[in-house]
Amino acid sequence: MKAGHVHVHAASHGGLYSRPFIESFEETPMLVAVFTYMSYGILTIFGYLRDFLRHWKIERCNIAREKEEQKDFVPLYQDFENFYNRNIYMRIRDSWNRPLCSVPGAKMDLLEQATHDYNWTFHYTGRVMHDVINLGSYNYLGFADNTGPCADSAAEATMKYGVGVASTRQEIGNLDRHEEMEKLVAKFLGVESAMTFGMGFATNSMNIPALSGKGCLILSDELNHASLVLGARLSGSTIRVFKHNNMQSLEKLLREAIVHGQPRTHRPWKKILIVVEGIYSMEGSVVRLPEVIALKKRYRAYLYLDEAHSIGALGPRGRGVVDYFGLDPCDVDVMMGTFTKSFGAAGGYIAGKRELIEYLRSHSHSAVYATSMSPPVMEQIITSMKCIMGEDGTTMGCERVRQLAKNTVYFRKRLREMGFIIYGNEGSPVVPMMLYMPAKIGAFAREMLKRNIGVVGVGFPATPIIESRARFCISAAHTKDVLDTALSVINEVGDLLQLKYSRRKRQPSLARPFDDNVYEDIDD
């Protein structure tokens, strides 16, 4: 939904929402959209001109391409994708793949790199850029650290168990810590049972085919992650896509599915599975979970919720989007999440009813064939999760969850006041700031890095072609001083590159304290 400026959804949907649901998707200004399309058009024209020069060996092409003697073979690369890489991505390639040589905390160290052939190749100068403010890592609660209780327990586990299990869980790779971790995850989420996997992407792509198959219908949000899309395709189910976070679109598909049934035969679907995410990592939007659950119950469908970005990062107790809305976890049939963000580890989980988990233990490819999770990674998860739950005897975890919520509201509010267009929900620590024009992706990242701030730029094909953006990820490890420094630089670079596209009335403010009144609804 891109129409309008700010959408506020309170307890108007039959009392579904216990707190205001505030999202912001400001429309792209018409002039900016026109200039963005013109930018891509000019780049495309020059791209074809340069390809013509490369074809006649006038200009050298360094990127991978088909050899002349292979012209009769099926192409190994998609033509447009390769064209885009050669002529557009290559111009701003220096903004990505920068090696870190430190922990990705609130600040980080980067290896300096240089290029002498316009980004075709890079070499390292040997110099290190120290104390670069990190606004790009998914380290939402600041647990990705090499000191403290998590690092200590991971080191102890390494000494006791080693670094790898070298077997699957079903053979001789099942450790006592695996069992303890899964019980802890189930307790944390408030469900009967849980199982864990060594890779977050595989948790989706390998488990959805075990839950859905031929004769089943998957209703997928149009902005779902690639792992969900791949899992749905591998399942062999019929897939229908509804508009992002649009409940009218979802209900229309549910009604049609019930009324018409399967194509040709019109038999009822074996099962209908609604697949959504907690926080959408490109839009910064939070799923309208109360409405999704209401629709699921009304039409007797199943709900698969991917909480990769929301678990640990949302809710007064850090229990994710279910906790954020104060809902019952039992209303979500399949709860999925990853340990790669808020927990500073690796892997993922599926949680729900005991029957569901027992079924997946014997039917999931990711469970049957994949090597067990590494012991130090497990220990990182157990320690950080106990910290969030308060079972470590401290209030540190709870304080981090509250600090993240404070930082998120403060950062988003200040960016809007400066005149930037910001997407997403007010509670989402993923903060997309719109850049639009392709040249501004690289320019913004370079100018920020010159001022010792590391950011992530995102463009086509990860976003719609006219909606390039910078994606900030806020962390509990960020202090107010760090955020104020970053905001001051973003304000300066925004003026330099003319990025303040918002047509809202600006409120001049550069240094203001945290407004504790804003966070009253975050309290328990």
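Points worth noting:
- Cβ-defined net charge surrounding PRO438, 12 Å radius [Lys, Arg +1; Asp, Glu -1]: +2
- The Cβ shell under 13 Å around ALA210 holds other residues with a net charge of +1, Lys and Arg each +1, Asp and Glu each -1.
- With DNA, RNA and ligands ignored, accessible area of PHE73 (1.4 Å probe; Å², nearest 10): 140
- The phi torsions of the range 373-382, fed into the Karplus equation with coefficients 6.51, -1.76 and 1.60 and a -60° offset, translate into couplings of 5, 5, x, x, 5, 4, 5, 4, 5, 4 Hz, rounded to whole numbers, with Gly and Pro shown as x.
- The range 415-449 and the range 276-319 have their alpha-carbon centroids 24 Å apart.
- Positive-end residue, the range 344-497 charge dipole about Cα centroid, Cβ charges, pick of VAL409, THR463, GLY397: THR463
- Nearest-20 debye value, the range 226-303 charge dipole, Cβ charges on Lys, Arg, Asp, Glu: 460
- Positive-end residue, the chain charge dipole about Cα centroid, Cβ charges, pick of ALA232, ASN245, LEU43: LEU43
- Net charge of the neighbourhood of ILE490, taken over other residues with C-beta under 11 Å away and scored Lys/Arg +1, Asp/Glu -1, is -1.
- Distant-in-sequence amide H partners of THR463 (H built 1.01 Å from N, under 5 Å): none
- Accessible area of the chain belonging to carbon and sulfur atoms, whole % at 1.4 Å probe: 56
- Our coupling estimate for the range 41-54, obtained by passing each phi through the Karplus curve with A = 6.51, B = -1.76, C = 1.60 and θ = phi - 60°, is x, 5, 4, 5, 4, 5, x, 5, 5, 5, 5, 4, 5, 5 Hz, Gly and Pro reported as x.
- With contacts taken as Cα pairs under 8 Å at a separation of at least 6 residues, the chain carries a relative contact order of 19 percent.
- Cα lying deepest toward the dipole's positive end in the chain, options PHE25, LEU449, ALA114, charges on Cβ: PHE25
- Identified option (computed Rg and Dmax of the Cα atoms in Å; candidates [x] 22.1, 66; [y] 24.0, 71; [z] 22.9, 71): [y]
- Ordering of 243-251, 303-311 by packing is 303-311, 243-251, highest average first (other Cβ atoms within 10 Å, averaged per residue).
- Placing unit charges on the Cβ atoms only, positive for Lys and Arg and negative for Asp and Glu, gives the chain a dipole magnitude near 1440 debye about its Cα centre.
- What the chain shows is 46 Å² of accessible area per residue, with the surface traced by a 1.4 Å probe over protein heavy atoms.
- Converting phi to 3J(HN,Hα) with the Karplus coefficients 6.51, -1.76 and 1.60 and the offset θ = phi - 60°, the range 235-242 yields 6, x, 6, 6, 10, 10, 10, 10 Hz in sequence order, with x at every glycine or proline.
The values are calculated or read from the model by the stated rules, or taken from the named source; none is laboratory data. For clarity, every value in this text was computed on a predicted model and none was experimentally measured. Note that we place each Cβ from the backbone using ideal geometry, even for glycine, and neighbour counts take in every protein chain shown. The protein model used for the area step is the full one, side chains on, heavy atoms only, and it has no ligands, DNA or RNA in it. Shrake-Rupley method; radii C 1.70, N 1.55, O 1.52, S 1.80 Å.
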